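**Student:** Encoded as C-alpha cells, here's the structure I'll be asking about.
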Amino acid sequence: MDTYKVNIFSLALTLLVMCLAVTTFAAGIEPGANQADSAAKPLRLAVIPLANYSGLAEATDLIMPAISGKLAENGFVLAVSADMDKSLRKYRIRSTSAIGTTDAQNLAHDLDVDYLLLGSVDLFLPGDIPEVAFSVRLIDISDMSVLWANSVAASGRDYVKLLGVGLVDSMKVLIARLVTDQFAGFDPDSVRKLAANNERKTSGCVVVVAFDNLSQEKFGGDIITAIVLSELTAGHQRLLEPGAAMELFRRNSRFPKGEIDRDLLGQLHEQFGVDRVVTGALDRFQAAPGDAPSAVPEIQLGGRCIDAATGRVLAAWETERVGDQSEKLFKLGTVHSLGKLARQATHTLLERLNILEK
C-alpha cells in the first residue's frame, strides 16, 4: 500500500514538472533558462579623455586612472585606451568635451561599446590644501541622450570637522574620495534601469546651449554647462547630448553661447524633438586662495529657459553665492570649494527656471 502511494506521488510530481515546462515554453522561455541571463551581458564603455580646463597635465594623469579603475571595479568592461587614442586620431576628434552623432557612432562601431563616458576636469588647484572638481556624463548612442551625469568638487578644507580634524592635504587622496562619491551606485544594473525608463523616453527633451562666459576664468562657461547637465539628469527628463546640438550648429556655421536664434530653435525642435532650451551666462567665478583661511569662493550667474517650438522665454533668473553664505557655528557651514558652490548655485538657478523635475 505504501509503495502504491509513493508511485502515485511520483506520478503527480512528474506531471506537475511537465506542466511547468510546457508553460515556460509557451511563454517563450527555454526550460531552465534564467531571465537575468540577458541582463548578465557585460556593459562595455569607452572612456573618452576628459577635456582639461585646468591646463595642468597632472590633472588628467591623476583623475583618468582613478575613474577607469572605479568603473572596472563597479563591473563595466572598458575599451582599451590605446584603441581609443587610435580611433580619436582616425576620425580627427580633437575636442573631447562634447561629441556629435557621427563621431559617437564611429567610436561605438570601432570600439564595440554600448555607451560613451566623457567629461571635463573643471578645477585643479594643487598646493598645501588642494582643490579639484570634475564632471562626467554617460551618452546613450542610440538616441544621443545624456543618460547619467555627475559633477563632484571639494577642497581639502571641506572635510575639516570640529577642532580642525579631517583636513585633506593630498590631491591623490582628495581625488580618490571624489571618484568614490561620483560613481557610488553607478553600475551596469543601474545603467540598464536608466535606459529602460519609459518615463524618461517619453518626457520632453531638453538641450543645454553652452553658457556664455563673462568671468575671468577662461573656461567658466563650459564648466557651468557641465554642472547644469549633472543637475538636469537627476530627473526623469530626456537630455540631448550638447555635442549633437553643436553638430547641427556647425552645419549652419553658427556657434551660439548664452543665446540662440529662432531658426536654430526650430531645427532643434524638428530634428531632435527638443521642447526646451536652457542657456545663460556666467558673470563671476572666483576660487578662494588656498593660503588664505578666511577667504571664500564666489559665483554669479544667470539663465533662461526657452520654448523651442515658439522661441518664447519661459523663465529667467540670476543668482549669486559666496562660500560663507550659510555659515554655522565655528564656520562649519562654510563652503571652501568653488566647484561645490557652483553646483549649489546652479541647482538654485534651475529651480527658479522651473526646469528641474520634482
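Laboratory data are not the source of any read-out in this text; all were calculated from the coordinates shown. On a predicted model such as this, the values are computed, not experimentally measured, just so you know. Positions of Cβ are backbone-derived with ideal geometry, glycine not excepted, and every protein chain shown enters the neighbour counts.
**Student:** Given a Förster distance of 22 Å, report the FRET efficiency between Q271 and D187 from their Cβ-Cβ distance, rounded to the nearest 0.05.
**Tutor:** Calculated transfer efficiency: 0.10.
**Student:** Just the projected area, averaged over all directions, of the convex hull on the alpha carbon atoms of region 164-294: how many nm²?
**Tutor:** Its Cα hull, projected and averaged over all orientations, spans 11.3 nm².
**Student:** Right, here's the next one. Using a Förster distance of 30 Å, how high is the FRET efficiency between R44 and L356, based on the Cβ-Cβ distance and rounded to 0.05?
**Tutor:** 0.45
**Student:** If the limit is 31 Å between Cα atoms, which of K90/K257; K86/K172; K41/K257; K161/K193; K201/K257 go over it?
**Tutor:** Distance filter (> 31 Å) returns K41/K257; K161/K193.
**Student:** Along its three principal axes, how long is region 218-315 when you only count alpha carbons? Whole Å, largest extent first please.
**Tutor:** Over region 218-315, Cα extents along the principal axes are 52, 32, 22 Å.
**Student:** Size of the dipole of region 43-352 about the Cα centre, Lys and Arg at +1 and Asp and Glu at -1 on the beta carbon, nothing else charged, in debye to 20?
**Tutor:** Its charge dipole is roughly 240 debye.
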